[in-house]
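Any read-out appearing in this document is the output of simple, stated calculations on the displayed coordinates, not a laboratory observation. Remember, predicted model here, so these are calculated numbers, not experimental data. We place every Cβ from the backbone using ideal geometry, glycine too, and count neighbours over all the protein chains shown.
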Amino acid sequence: MKTSFKTLACLLCFLDTTSINAPAEETGITAPILRRGLVSEGDTSRLRAVFEKARRGEPVTVAAVGGSITAGGAQTKDPANRYVQQVAKWFEANFPNSKISFVNAGIGGTNSFYGAMRLQRDVLAKNPDLVIVEWAVNNQAGKDFAESYEGVLRQLLRSPRNIAVIELFFMHKDGENAQMWQEILGRHYQLPMVSFRDAFWPELTSGRIPWDDLYADVVHPKDAGHLLAGKLLGKLLENALPEKAVPAPETATEPPAPLISNLYENCDFSVYEGLKAFAKSGWERSADQKFWEGREPGDWIEFTFTGQSLFLGYDFDKEQAPQGSFSIDGGKPQTLKEDAHRRPIATNLSPGLHRIRIDIQRDGKASNSPGKLKVWAVGGTETRPPNTAKQ
C-alpha cells in the first residue's frame, strides 16, 4: 500500500526542530529504515570531541561538502530544510548554550576531483568541527574517483582541528551510486556512514513510498527527502551522544596509511581572480575578472602548476565554440575536450613544476562573433610519503 501525499505530509510535520529527538515511531520512520540507513557508527571519538566542545558552550561549525544535492538549489523550497541545516538544528536542540554555525559547500555538477582541489578554500578555511561528505551520486563507481574521494577524507582527517567526518550516500533513481568504493574507504578510516539509499530503497522499489514524494527529479531530493536525510543523520548523532560528559580526545589522531594513495591529499589550486598567467598572447581577463578568455585562432596562454596530476577548470561557449589544444612542458599537443565529469586532463606526470600551454584553433566555420574558451582554475596534485606535509 502506497503512502499517500497527505500521510507523507503528516510524517514530515514531525520532522521539524521541535521533534528532532523524537523516537522513531513518533516520526513515521520505522526502526528498519533507521537500521538500514546506519551503515556504520565507526570510531566516534572525533564526534565525542565535538560534543564536549559544544557542552562547554564553545561555538561549533557544521559543514557539508558535495554536489547539487548538498547545495539544495531549486529542489528545496525552504533552505532551512536542507540536511546540513537539519544537523545544525540537532546541535542547537542538544547544546543550547553553544553557538552553532553551518557551512553549505555544495556545488552542483561537481565531484570529488574538484572537491579535493577546492576543499581548503571552501571548507577547511571555515574552521569546521564536523564535515559531512556527499559525493555518492556525482562520483562514478571507479578507482580513479575513489582516489580523489580518499584525498578529501585525508585532508579533513589530517587537519589539526580534529575534524569529525561523516559520509553520506544518496542515489540516482535507478539505485546506482558510488557507495561501494566510498564505503570501503569509510571502513578503512573507521568513519561514521549514513546511506539514504540503503534506508529508503526498499520503500521506494516496493511502492510503499512513491519516488515523487521524496524527489524533485531523478536525482535531487526535495524538502521531504532532505528532512528524512536529516533524521537519519540525527539518529547517528544520537547514538554517538553519551548521556553525560565523558573524556574525548582534544587533538587530532593520525589516520592510517592511504588505502589507494595520498595523491589528492596534496593539492595546489589557483582559481578565479587568483589564477595568474605565466605568459600569453591574445587571451584577456573577463569583465568580472574570474576567467581567462581566448577566442581567435593563434591565441595562446600558459600557466604553471606543481604535481603529477593536472586539473584544469574550463568551459566552452556553447555557440561557435572554438577548438582548443593543450601541451605540457612543450610536449605533443592534445585536444582539449569537454568533460562533464571534470576529470584531470593529465596524469602520471613527474613530480615538481610543470607548464601547460593552451592554444585556440578554428575550423573555418565561425561567424563574426566566435565563442570563447574560458579557463577559470588550474590545480596540481602530488604524492608524498604518508603523513608528511609539503615544505
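Below, the figures for the structure above:
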item	result
CD proxy at 222 nm, helix term only [per DSSP H run n ≥ 4: -39500 (n - 2.57); per residue of the chain; nearest 500]	-8500 deg cm²/dmol
Zone residues, the range 312-347, relative to Ser286, backbone N less than 19 Å from point 7 Å out along Cα-to-Cβ	312-325, 337-343
Cross-link table Lys99/Lys231; Lys53/Lys222; Lys143/Lys290; Lys290/Lys372, entries beyond 23 Å C-alpha to C-alpha	Lys53/Lys222; Lys143/Lys290
Rounded FRET efficiency, nearest 0.05, which uses the C-beta distance separating Asp78 from Arg187 and R0 of 25 Å	0.10
Gap separating the Cα centres of the range 249-305 and the range 205-219, nearest whole Å	39 Å
FRET E, pair Arg121, Lys99, Förster distance 22 Å, beta-carbon r, rounded to 0.05	0.40
Whole-number D in µm² s⁻¹ for the chain, Kirkwood Cα-pair radius fed into Stokes-Einstein, 4 °C, 1.567 mPa s	58 µm²/s
Under the Debye formula (equal points on every Cα, no solvent term), log10 I(q)/I(0) of the range 266-381 at q = 0.23 Å⁻¹	-1.44
DSSP-assigned coil residues among GluC sites (Glu not before Pro) in the range 205-314, each with at most 12 further Cβ atoms within 10 Å	Glu243, Glu250
Cross-link partners of Lys337 among aspartates and glutamates (Cα-Cα below 14 Å; sequence separation of 8 or more within a chain)	Asp315, Asp317, Asp359
Under-5 Å amide H pairs with Tyr314, H placed in peptide plane, nonlocal only	Trp376
Global size of the range 69-172 as Cα Rg and Dmax, reported in angstrom	14.1, 44
Val103 long-range amide H proximity, modeled H, under 5 Å	Val62, Ala63, Ala64
Equivalent ellipsoid, the range 210-299 (semi-axes from 5 times Cα gyration tensor eigenvalues, Å)	44, 27, 14
